[in-house]
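S.K.: Below: one structure in structure tokens.
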Amino acid sequence: MSKKYILKDELESDFDLIAIHSSIEGFYLAYLLNRTLEGNFIRVANDEVLTSSNFEFFKWEIKKKGIHCTLISNEKTIKLKKSNSLLFFFEETKKVSLINSLKNVNYFIKINSGLEISDVFEKIKSLPQIVLTYIINNKKIKSKLNLILD
């Protein structure tokens, strides 16, 4: 069995987190955020993300301005194929969350640097497609390790 080693500094990284409740697709939310925040969220291929989770992941990074921000989906559906007989084929699905303590949240915006969280929050709150948004105190999240994707 392989072991995982995690640097202590990596766990204590400082970031701001915004929760978004919305039923829209991830690519459409990224489009709306790009238009509203004048941003550049780009979908990242699963090969580039260090986890094997296959959650939707969008990155906005401008090194000259110091902007490093990500949009992450909190939920995905896993299909478990099971067949009980030769005549019928049953497909079972399971809903999985990136952060289990916040299962009802659809998306997270993780701001590492370059953006003021209060400005981003106010602009997101004005979008009619967003049902609910709020700032999360990241010290209360038990599974911070799941948010280290880059």
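S.K.: Could you calculate the FRET efficiency of Glu75 with Tyr31 from 1/(1 + (r/R0)^6), where r is the beta carbon distance between them and R0 is 22 Å, rounded to 0.05?
M.R.: Between Glu75 and Tyr31 the formula returns 0.70.
S.K.: Also, quick follow-up: To the nearest 0.05, what FRET efficiency results for Asn138 and Asn104 with a Förster distance of 30 Å applied to their C-beta separation?
M.R.: The computed FRET efficiency comes out at 0.95.
S.K.: Just grab the label-to-label distance for Ser23 and Asn40, each label 7 Å out from Cα along the Cβ direction, in nm (one decimal).
M.R.: Those two pseudo-labels are separated by 3.5 nm.
S.K.: Can you work out the Karplus-derived ³J(HN,Hα) for every residue in the stretch 57-71? Use 6.51 cos²θ - 1.76 cosθ + 1.60 with θ = phi - 60°, whole Hz, and x for glycine or proline.
M.R.: 9, 10, 10, 10, 9, 10, 5, 5, 8, x, 8, 9, 9, 10, 10
S.K.: Which FRET efficiency value, to the nearest 0.05, do you get for Glu91 and Lys65 by plugging their Cβ-Cβ distance into 1/(1 + (r/R0)^6) with R0 = 41 Å?
M.R.: E(calc), rounded to 0.05, equals 0.35.
No lab work stands behind these numbers, since they all come straight from the coordinates. Source: prediction; values computed, not measured. Heads up, the Cβs are rebuilt from the backbone with ideal geometry, glycines too, and the neighbour counts pull from every protein chain shown.
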